[in-house]
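A short worksheet on the structure shown next.
Computed from the coordinates by the stated procedures, all read-outs in this text should not be read as laboratory data. The shown structure was predicted, so the numbers you read here are calculated from the model rather than taken from an experiment. Reconstructed Cβ throughout: ideal geometry from the backbone, glycine too, with neighbour counts over all protein chains shown.
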Amino acid sequence: MSVRLTNVAKSFGAFNVIKDVSMDIPDGGFAVFVGPSGCGKSTLLRMIAGLEETSSGMISIEGQDVTQMEPAKRGVAMVFQNYALYPHLSVFENMAFSLRLARAPKEDVLRRVGEASRILQLDEQLQKKPSQLSGGQRQRVAIGRAIVRQPKVFLFDEPLSNLDAELRVQMRLELTRLHRQLGATMIYVTHDQVEAMTLADKIFVLKGGILQQAGAPLELYDNPDNRFVAGFIGSPAMNFLPARVSGQKDGMATLTLSEGEHSLEAPISQALEIGQAVEIGIRPEHFRLGDSGIKVNVEVAEELGDVSYLYARTVGGREVIVQRQGSRQRLDGTTVCLTADANKILVFDSKGERLR
Ligand code: ATP
């Protein structure tokens, strides 16, 4: 079911945690709210769940206004980071809990818990207590508890953050499969941009309670609206270099780096002022090594076989990361020159807004 937020705001006392957020999550979509700690993503999710009241604005699910509706009636199910399992109950009873509470017929309980445990490969674990399970299995039980309720919308609050790196990758794939299998709308909160990129079909980037940009993962990667989104999405992160506008002609701007005399060209059609301070953004994989360009000293080269990362410094001491594909040439301790194609260079104004 589709979820829509219209001008939603939330304050705790004088503190405005969410400032006028509007968003559309399509039916069957996998939406991810991502942003740094404290940006308000959990608060937003809790408002959709009905666990937190909105200060203003409207939340609707499948076209119905649910802003004032109590949580149990909204048709949503939430999966928490700490699993919130009952330690004294078996896996079966943990999953059956909400159905028993709703006095569901015994056959329904058996059937629904059976289905959920098959989907989540928990059939063998049904008689165990949570303490006898691995972290990944516990998380699956928590998801199973949501599945048996057959919600219209699944809400996940950082469900993988207590798992180790390997298990997180595995659970990420399982969540993607689960989403395809159930076809339900899912909304997922994380501060991990890799998780956001891999899970989402639509990412909502938040900062300071303000929605910075919404879009498909690669849309945000290729076409960030501002410096914050550009720097937040992508790993290793985009490189930023301060520069000044030194010319503009026929939709091409010439940008001279503040350090050294090197200039780069970037396609920008909006009018710029000569001398205007800007910041140039270049992704690590978009740097090329050339005979001339931005001079950097390679301090450390990480060789991973198929790919290598050069951790380098400009003459003025600014750190730059370069990603190279397929090359095994040892470059530690050498000086190299970097360039990038004009269409791979992003430019931001002094407020961090993208210049196009
Ligand atoms: P994290 O990733 O650290 O969980 P988040 O983006 O999910 O962060 P929220 O948990 O939504 O952030 O919190 C946003 C801000 O609102 C934080 O500064 C937090 O301290 C504050 N906050 C959250 N709940 C309350 C509350 N009940 N009363 C007062 N302030 C609150």
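Kindly list the residues of the range 227-247 that lie in the label zone of E265, defined by a backbone N under 13 Å from the point 7 Å along the Cα-to-C-beta vector.
Those under the cut-off are 247.
Separation of the range 114-177 and the range 287-334 by C-alpha centroid, Å?
Here the two parts' Cα centres lie 41 Å apart.
Keeping to pairs on different chains or 8 or more places apart, tell me how many lysine pairs in the chain have Cα atoms under 13 Å apart.
Lysine pairs satisfying the spacing and distance rule in the chain number 6.
Could you work out how much longer the chain between D164 and D20 gets when fully extended? Use 0.36 nm per residue separation minus the Cα distance between them, nm to one decimal.
Value of the extension gain: 48.3 nm.
Test of understanding: what is the full-extension gain from D250 to R328, defined as 0.36 nm times their sequence separation minus their Cα-Cα distance?
24.1 nm
Of the residues G281, G57, G305, which exhibits the maximal mean-square fluctuation in a Gaussian network model of the chain defined by a 10 Å Cα contact cut-off?
G305
Taking the Cβ-Cβ separation of D27 and Q127 as r and a Förster radius of 35 Å, what is the calculated FRET efficiency to the nearest 0.05? Provide the component values of the computation, followed by the final result.
Working: r = 37 Å, r/R0 = 1.06.
Approximately 0.40, to the nearest 0.05.
Helix-only mean residue ellipticity at 222 nm, the chain, DSSP H runs n ≥ 4 weighted -39,500 (n - 2.57), per residue, nearest 500. What is it?
-7000 deg cm²/dmol
For L120, what residues show an amide H to amide H distance below 5 Å, using hydrogens built from the backbone and excluding near sequence neighbours?
HN-HN under 5 Å from L120: empty list.
Under 19 Å from a point 7 Å along the Cα-to-Cβ line of S350: which residues of the range 245-266 have their amide N that close?
Under cut-off, by backbone N: 245-248, 254-259.
Determine the gain in length on full extension of the stretch V315-A342; use 0.36 nm per residue of separation and subtract their C-alpha separation, reporting nm with one decimal. Kindly include the intermediate steps, with their values, before the conclusion.
Working: separation 27, 0.36 × 27 = 9.72 nm, distance 2.25 nm.
Stretched fully, the V315-A342 segment lengthens by 7.5 nm.
To the nearest 10 degrees, how steep is helix 165-182 against the longest Cα principal axis of the chain, on a 0 to 90 scale?
60 degrees
Two decimals is fine: what is log10 I(q)/I(0) at q = 0.09, 0.11 Å⁻¹ for the chain, from a Debye sum with one equal scatterer on every Cα and no solvent?
Values returned for q = 0.09, 0.11 Å⁻¹ are -0.63, -0.85.
Could you tell me which GluC sites (Glu not before Pro) in the range 1-95 are loop residues by DSSP with no more than 14 other beta carbons within 10 angstrom of their beta carbon?
Taking the range 1-95 and a limit of 14 other Cβ atoms within 10 Å, the loop GluC sites (Glu not before Pro) found are E53, E62.
Skipping prolines and chain starts, which residues have an amide H placed within reach, meaning under 5 Å, of the one on V347, given they are 5 or more residues away or on another chain?
Here the answer is G281, L355, since their amide H atoms fall under 5 Å of that of V347.
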